[in-house]
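Taking it in order: structure first as structure tokens, then the write-up.
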Amino acid sequence: AAAEKGGYDYFMLKEIAEQPKAVADTLLGRIDAAGSLTLDEVRISASELREVDKVVIVACGTAFHAGLIAKYAIEHWTRIPCEVELASEFRYRDPILDQQTLVIAISQSGETMDTLMALRHAREQGARVLAICNTNGSTIPRESDAVLYTHAGPEVAVASTKAFLTQLVACYLVALYLGQVRGTKWGDEIHAVIRDLAHIGGDVERVLETMEPVRELARSLVHKNTVLFLGRHVGYPVALEGALKLKELAYMHAEGFAAGELKHGPIALIEDDLPVVVVVPSPRGRSVLHDKIVSNMQEIRARGARTIVIAEEGDEAVVPYADHLIRIPATPTLLQPLVATVPLQVFACELATARGNEVDQPRNLAKSVTVE
Ligand code: AGP
């Protein structure tokens, strides 16, 4: 078993470390020499993709968080309305679907019953289903019209890490491909992002090289009961994912919030020395989001929160409000989750270890949930 873990104590650590290669493998063979996407696997013709008037994403858990991020990318680059729904809720509310709806089912295992039942329901209504999946030949891709495999390699740890990052890459590819096929005003940006994606593995590698202070911080919080996570825009699903990792692994009360929602309730939770992780959007590009989160940080810090800030290299505006500062490389706004999630995985894994929990097999959880 030690050999299977490649010298790491846990599969989770091995899988976190494999992420630079995993994201590169997801891209492999899908970008041509001219920098365009060639997704032949998406066996839905270009003319049919041009007819799509709605995208609906269904998934559970971490895969659902990938879907939440995909919505921002799909709507931005394609201007097609996109809904994201928990697979377990989807078919029970009589969703509106037809032949022009593209349903994307995201699943690492390809065996999650909730997601499978959602995609069956979608196909019965005439929608086309594209699976984003990590497990070759599993049930969800077999029952879909097309599949984009994530090629992350087997994920053994119950807590999903490399599958999540590769699901994100696959979602970006679908969004960019839809944009490319349909020809939107974002043509130049789409090309630039495809170029940025090509070296994102190197950015993930750089994050991994700087994780020792994050582990140290995690160990110092071993006796805390609660950790909150805040984000805006694509940083919001990253906050949800950070909280889910901490629940699963450290069995701590952890909650993710959209930072703008703070004043609508959650700010009442802030008390002295409460750890709050803040995922800060890039100060470049949509700088209004950045400025707003800086003021959110001021608000919670004034009420005693201990801020753990994940911010882009060179972002100096956050320094006065950060009790702990975790730096990530600058990336285009929509791609930031690929680098911002990694410290949260390391953080949860180290806290679980410090609390003496079983990292690869957390209590009460199964790797794939094959019951509804
Ligand atoms: C993630 O860490 C979880 N263990 C869980 O939320 C998982 O993502 C979910 O059950 C979906 O699984 P799937 O991707 O295999 O469908």
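Residue-level analysis places residue 213 among those that are in contact with a His (Cβ under 8 Å, 6 or more places away or on another chain) and modelled with pLDDT of 95 or more.
Total residues in segment 170-210 satisfying the condition of being in a helix (DSSP H, G or I), surrounded by fewer than 24 Cβ atoms within 10 Å (Cβ to Cβ) and of a type outside the set (A, V, I, L, M): the figure is 15.
Residues checked against (1) in contact with a strand residue (DSSP E or B) (Cβ under 8 Å, 6 or more places away or on another chain); (2) closer than 23 Å to residue 258 by Cα; (3) charged (D, E, K, R):
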position	(1), (2), (3)
33	no, no, no
71	yes, yes, yes
77	no, yes, no
86	yes, yes, no
108	yes, no, no
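Could we say that residue 141 is over 19 Å from residue 341 (Cα atoms), part of a loop (DSSP other than H, G, I, E, B) and out of contact with any Lys or Arg (no Cβ under 8 Å at 6 or more places or on another chain) here?
On the way: over 19 Å from residue 341 (Cα atoms): yes; part of a loop (DSSP other than H, G, I, E, B): no; out of contact with any Lys or Arg (no Cβ under 8 Å at 6 or more places or on another chain): yes.
No, not satisfied.
Only one of these is surrounded by 20 or more Cβ atoms within 10 Å (Cβ to Cβ), assigned to a helix (DSSP H, G or I) and within 14 Å of the ligand (Cβ to nearest atom): 340, 348. Name it.
Numbers: 340 fails: within 14 Å of the ligand (Cβ to nearest atom).
Just one listed residue meets the conditions, 348.
For segment 60-86, filtering for residues that are in contact with an Asp or Glu (Cβ under 8 Å, 6 or more places away or on another chain), more than 26 Å from residue 365 (Cα to Cα) and assigned to a loop (DSSP other than H, G, I, E, B) leaves 2.
Just one of the listed residues (230, 208, 165, 240) is at pLDDT 95 or above and in contact with a His (Cβ under 6 Å, 6 or more places away or on another chain), namely 240.
Please determine whether any residue of segment 15-24 is at pLDDT below 90 and either out of contact with any strand residue (DSSP E or B) (no Cβ under 9 Å at 6 or more places or on another chain) or part of a helix (DSSP H, G or I) (or both).
no
Would you please name the residue that is nearest to the ligand (Cβ to nearest atom), looking only at residues in segment 66-112 that are touching a residue at least 40 places away in the same chain (Cβ under 8 Å) and of a type in the set (Phe, Trp, Tyr)? The residue in question is 72.
Here's the yes/no breakdown for (1) modelled with pLDDT of 95 or more; (2) of a type outside the set (Phe, Trp, Tyr); (3) over 25 Å from residue 60 (Cα atoms); (4) more than 20 Å from the chain's Cα centre (by Cα):
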site: 258; (1), (2), (3), (4): yes, yes, no, no
site: 273; (1), (2), (3), (4): yes, yes, yes, yes
site: 305; (1), (2), (3), (4): yes, yes, yes, yes
site: 311; (1), (2), (3), (4): yes, yes, yes, no
site: 325; (1), (2), (3), (4): yes, yes, yes, yes
site: 337; (1), (2), (3), (4): yes, yes, no, no
site: 362; (1), (2), (3), (4): no, yes, no, yes
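The values are calculated or read from the model by the stated rules, or taken from the named source; none is laboratory data. The structure presented is a predicted model; accordingly, all values stated were derived computationally and were not measured. All Cβ positions, glycine included, derive from the backbone under ideal geometry; neighbour counts span all protein chains shown.
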